[in-house]
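Asks: Pasting a structure below so you can have a look.
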Amino acid sequence: GAVVSQHPSWVICKSGTSVKIECRSLDFQATTMFWYRQFPKQSLMLMATSNEGSKATYEQGVEKDKFLINHASLTLSTLTVTSAHPEDSSFYICSARPDRGRGYEQYFGPGTRLTVT
Amino acid sequence: GENVEQHPSTLSVQEGDSAVIKCTYSDSASNYFPWYKQELGKRPQLIIDIRSNVGEKKDQRIAVTLNKTAKHFSLHITETQPEDSAVYFCAAGFMNYGGSQGNLIFGKGTKLSVKP
């Protein structure tokens, strides 16, 4: 149990376009999901906390108008990178915190490699 | 906000030896401290975690200790094996039981290499 998927696993887009990344909890419900960004050989940087039915909470320095988050259901959160630029190229990983058991664990998706040309 | 420092950044041990990775945190309100293992090209996997009401937790060859007063926690891997080679991340955060809070701040990671 506690499987999280992401789609797509990798995407290449042109500068100025928008890209949507989906994060799904496959076998559990998650009111809360998280979006991280990871640069090569670096740590996970929390971008925002996504709560179903409410606005996302963004970390300091993360542009909410550029990284749009929508958590429309208890199993799906989406991250849209708008007007992408080459500096947005990175590995984006989501995680989900299961509602059941009211535990503290977070489970990660496999990540999405974004390359902006 | 929370700040997590992790040391060392790289660690090389001989197979069978023990490995210790240390983390410190800044926010005394943090009450949850997980450790994740990330192999190259793969997602981080939770390997062990500890809550602030516990000082030590063990799962087979892996153990975690927490010193709330000093605000530091450590991961101990005994009898290391080549398959333990990976990047290990510590994290800290405040979790409210049954609620929606719970963001984690991660350390910078430790690349562990276990030589056969």
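Asks: Scanning region A:24-38 for residues that are surrounded by 21 or more Cβ atoms within 10 Å (Cβ to Cβ) and hydrophobic (A, V, I, L, M, F, W, C), which turns out nearest to the other protein chains (Cβ to nearest Cβ)?
Replies: A:PHE34
Asks: With the requirement that a residue be part of a loop (DSSP other than H, G, I, E, B), within 14 Å of another protein chain (Cβ to nearest Cβ) and touching an Asp or Glu at 6+ places or on another chain (Cβ under 9 Å), what does region A:39-83 give you?
Replies: A:LEU74 - this is the single residue of region A:39-83 that is part of a loop (DSSP other than H, G, I, E, B), within 14 Å of another protein chain (Cβ to nearest Cβ) and touching an Asp or Glu at 6+ places or on another chain (Cβ under 9 Å).
Asks: If A:ALA2 meets every condition in (1) out of contact with any Cys (no Cβ under 8 Å at 6 or more places or on another chain); (2) assigned to a strand (DSSP E or B) apart from one, which number is that one?
Replies: (2)
Asks: Looking at (1) modelled with pLDDT of 95 or more; (2) within 14 Å of chain A (Cβ to nearest Cβ); (3) touching a helix residue (DSSP H, G or I) at 6+ places or on another chain (Cβ under 8 Å), which one does B:ALA19 not meet, given that it meets all the others?
Replies: (2)
Asks: So A:SER43 fits all but one of (1) in contact with a His (Cβ under 9 Å, 6 or more places away or on another chain); (2) within 24 Å of B:LEU40 (Cβ to Cβ); (3) of a type in the set (Gly, Ala, Ser); what number is the exception?
Replies: Just one mismatch for A:SER43, condition (1).
Asks: Another question, then. Looking for whichever is at pLDDT 95 or above, within 11 Å of the chain's Cα centre (by Cα) and small (Gly, Ala, Ser) here; the options are A:SER5, A:SER50, A:SER15. Which one fits?
Replies: Only one candidate passes the filter, namely A:SER5.
Asks: Here's something else I'd like to know. Could you list all residues from region B:86-107 that are surrounded by fewer than 19 Cβ atoms within 10 Å (Cβ to Cβ) and either of a type in the set (Ser, Thr, Tyr) or modelled with pLDDT of 95 or more (or both)?
Replies: Of everything in region B:86-107, those that are surrounded by fewer than 19 Cβ atoms within 10 Å (Cβ to Cβ) and either of a type in the set (Ser, Thr, Tyr) or modelled with pLDDT of 95 or more (or both) turn out to be B:TYR97, B:SER100.
Asks: Go through (1) surrounded by fewer than 20 Cβ atoms within 10 Å (Cβ to Cβ); (2) within 13 Å of another protein chain (Cβ to nearest Cβ); (3) at pLDDT 90 or above and name the single condition B:THR110 misses.
Replies: (1)
Asks: Considering only residues of region A:25-38 that are part of a strand (DSSP E or B) and over 27 Å from A:HIS85 (Cβ atoms), which is modelled with the highest pLDDT? First the steps, then the outcome.
Replies: At the first step, the residues of region A:25-38 found to be part of a strand (DSSP E or B) are A:25, A:32-38.
Going one step further and asking which of them are over 27 Å from A:HIS85 (Cβ atoms), we end up with A:25, A:32.
Numbers: A:SER25: 95, A:THR32: 89.
The extreme case among them is A:SER25.
Asks: Just to verify a result, which residue in region A:39-76, among those that are hydroxyl-bearing (Ser, Thr, Tyr) and closer than 13 Å to A:ARG24 by Cα, is surrounded by the fewest Cβ atoms within 10 Å (Cβ to Cβ)?
Replies: Of everything passing the filter in region A:39-76, A:SER73 is surrounded by the fewest Cβ atoms within 10 Å (Cβ to Cβ).
Asks: Looking only at region A:11-23, which residues are part of a strand (DSSP E or B) and either surrounded by fewer than 21 Cβ atoms within 10 Å (Cβ to Cβ) or at the interface with chain B (Cβ under 10 Å from one of its Cβ atoms) (or both)?
Replies: Once the filter is applied, which keeps residues that are part of a strand (DSSP E or B) and either surrounded by fewer than 21 Cβ atoms within 10 Å (Cβ to Cβ) or at the interface with chain B (Cβ under 10 Å from one of its Cβ atoms) (or both), region A:11-23 yields A:VAL11, A:ILE12, A:CYS13, A:VAL19, A:LYS20, A:GLU22.
The values are calculated or read from the model by the stated rules, or taken from the named source; none is laboratory data. Here the structure is a predicted model, which means the values were calculated and not measured. For neighbour counting, all protein chains shown are included, and Cβ atoms are generated from backbone atoms with ideal geometry for every residue, glycine included.
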